[in-house]
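For reference, the structure discussed in these notes is given below.
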Amino acid sequence: MFVKDVRLQIALTLGAIAVISLIRFFSLTILLSFIISLVGTLLIESLFLYFTKKKIFLSYSAIITGLLIFLIWQSDSLWTYLLAAVLAISSKYILKLGPKHIFNPAAFGLLTSSIITGTPVAWWGASWNILLILILYIGTLPVLKRLRRLYIVGGFLLFYFIFSILTTQNIQTIQFLIDGTVILFALIMLPEPQTSPISGHWLKKFGVYVALIMIVLINVLKYLPNINIDPLLLSLLIGDLLSVLLIKLQSRPITIPPPTQNVS
């Protein structure tokens with residue numbers, strides 16, 4: 001069954017994965033992290049909505065962000081889940097250029113929390129079995145087709161595949177198509193409508209240049225073993241920023257100065 005609101009469909013897809021992960025790896029810490037991530041993003045979003053628009057409504061985007069934090073972040077310090085939620089939602093309302101926020105909220109909240117706390121990003125809820133992959137494909141591909149964002153996913157996965165072959169010398173690296181971390185990133189976070197390009201050639205190239213940025217980061221970070229920065233999340237944030245700047249620069253009108261007149 002598919003619903004009209006694409007945000008609700010993505011939320012339901014991630015919700016199914018979150019519930020299965022919660023049951024599969026159940027502990028009190030995981031249960032509390034689920035509650036804090038979800039309630040935290042909804043509460044903070046509601047506060048921003050109230051103070052900026054004087055109204056409060058159920059935000060599917062906040063639910064998606066909360067579920068991503070739950071599925072990707074892993075820490076025994078439960079306050080860090082709230083930190084990630086605060087940073088993620090705040091970035092939507094503070095780091096803006098025009099009406100759109102610049103960065104993918106979940107990626108921003110997770111990466112900045114990782115840097116602040118020194119805790120590596122885990123992607124724990126994206127790595128358990130083939131059922132997760134099937135849920136992701138079934139729940140997101142119709143949405144991406146409807147939003148015309150399959151270009152983004154395809155470009156990213158193609159370059160990721162080429163990079164995998166060149167670095168492992170193994171044609172069987174096609175197995176990345178069942179790598180939960182890569183697929184969760186590519187199908188959910190990368191084509192997020194508010195931060196990926198809306199249309200035009202930047203839309204088609206977005207996945208490609210995020211993949212290229214990621215490849216550069218992987219090769220740079222391997223020489224910096226003491227720095228725990230997730231290359232997937234960082235490449236997405238850099239891609240978001242470049243996309244906004246390039247589109248803004250391209251849309252800027254070119255003014256031609258009037259010809260100078262020689263006065264004799």
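The values are calculated or read from the model by the stated rules, or taken from the named source; none is laboratory data. All values reported here derive from a predicted model rather than from experimental measurement. All Cβ positions, glycine included, derive from the backbone under ideal geometry; neighbour counts span all protein chains shown.
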- Task: Output the number of the condition that Gly139 fails; it satisfies all remaining conditions of (1) modelled with pLDDT of 90 or more; (2) crowded, with 22+ Cβ neighbours inside 10 Å.
- Result: (2)
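Just checking, which of Leu131, Leu144, Leu150 is farther than 22 Å from Leu42 by Cα, modelled with pLDDT under 95 and crowded, with 19+ Cβ neighbours inside 10 Å? Reasoning before the result, please.
Details: Leu131 fails: crowded, with 19+ Cβ neighbours inside 10 Å; Leu150 fails: crowded, with 19+ Cβ neighbours inside 10 Å.
The match here is Leu144.
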- Query: Does any residue of region 53-63 turn out to be without any contact (Cβ under 8 Å) to a residue 60 or more places away in the chain, charged (D, E, K, R) and either surrounded by 14 or more Cβ atoms within 10 Å (Cβ to Cβ) or touching a strand residue (DSSP E or B) at 6+ places or on another chain (Cβ under 8 Å) (or both)?
  - Reply: no
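Just to be sure before I move on: is Trp73 under 17 Å from Phe34 (Cβ atoms) and either among the polar types (S, T, N, Q) or over 18 Å from the mean Cα position of the chain (by Cα) (or both) in the structure I sent?
no
Quickly run through region 1-24 and pick out the residues that are in contact (Cβ under 8 Å) with a residue 24 or more places away in the chain and either among the β-branched types (Val, Ile, Thr) or more than 30 Å from Arg149 (Cα to Cα) (or both). Talk me through it step by step, then tell me what you get.
The initial filter retains those residues of region 1-24 that are in contact (Cβ under 8 Å) with a residue 24 or more places away in the chain, namely 2, 5-18, 20-21, 24.
Within region 1-24, Val6, Ile10, Thr13, Ile17, Ile20, Arg24 qualify.
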- Note on the structure: Considering residues that are surrounded by fewer than 19 Cβ atoms within 10 Å (Cβ to Cβ) and either touching a residue at least 40 places away in the same chain (Cβ under 8 Å) or of a type outside the set (D, E, K, R) (or both), the number found within region 91-111 is 7
- Val3 passes all but one of (1) more than 24 Å from Asp240 (Cα to Cα); (2) of a type in the set (A, V, I, L, M); (3) modelled with pLDDT of 95 or more; which number fails? (3)
